[in-house]
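This report refers to the structure that appears directly beneath it.
Values in this text are rule-based calculations from the coordinates and carry no lab data. Please read all numbers here as calculations on a predicted model, not as lab measurements. Cβ placement follows ideal geometry from the backbone for every residue including glycine, while neighbour counts extend to all protein chains displayed.
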Amino acid sequence: MKRFSMSILLASFCLLCCDVLFAQSEQDSATDVVPDDWVMLTGEYCSIWHPPDWAVDTSGAIGTSFVLFAPADDEDNGFRTNINLILQNVAAFNLSLDQYVELSEEQIADIVNEANLLESNRATDEQGEYHILLYTGKQQQSTLRFLQHYRLVGDFAYVLTLTCQEDEPDQYREIGERIMRTLEVHTP
């Protein structure tokens, strides 16, 4: 009987530890995505969180809904890591996500100098399915790295892009990816 009681006690302790660890990892992942000091940018079609020192451009330049610019670095070479969102009305084309990705990959190969596709895969989050595309390409003398998330919602394709220099320190890349995970789509 004593051995049975010890087994029950040990099993209860293990379950309690697992529950505490699971709760802690859920809390860590939530706080990892949106730190307390980040600011929310809200628009008609989406909202996104970003660090307060990232500059915001909502002018609509080159067809973007917004552009977030990382702080300028010490080696001001004229390029700043950025994240932009482009909304495309695709209602007339009746495209699936697979078709949209295929067309995008073809356009990248045709338009981007020295394009090199590194990753193309499907992911799912609480908002549904989206596609991740990672590629590099040349722009003037720089090799750039592009991380794109494609999401079809209603009549729109949401194309969220992180652009950074290939040789840039990982800090902006990591922060950029965290910012991208905070995008919340609003159905138009």
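Brief remarks on what is shown
- Contact order for the stretch 40-173, expressed relative to its length and based on alpha carbon pairs under 8 Å spaced 6+ residues apart, stands at 19 percent.
- Sequence ranges 85-92, 62-69, ranked by mean other-Cβ count within 10 angstrom, highest first: 62-69, 85-92
- Of the residues Val153, His131, Pro52, the one whose Cα sits farthest toward the positive end of the charge dipole of the stretch 42-188, with +1 on the Cβ of Lys and Arg and -1 on the Cβ of Asp and Glu, is Val153.
- Residue-span extension gain [Ala92 to Ser59] - 0.36 nm each, minus C-alpha spacing: 9.3 nm
- Fewest-first sequence of Arg173, Arg151 by Cβ atoms within 10 Å of each Cβ: Arg173, Arg151
- Charge dipole (debye, nearest 20) of the stretch 36-185; +1 at Cβ of Lys and Arg, -1 at Cβ of Asp and Glu: 360
- Label point at Phe69 placed 7 Å out along Cα→Cβ; residues across the stretch 138-163 whose backbone nitrogen lies under 17 Å: 162-163
- Taking other Cβ atoms within 10 Å as a rough exposure proxy, Asp167, Asp57 sort from fewest to most as Asp167, Asp57.
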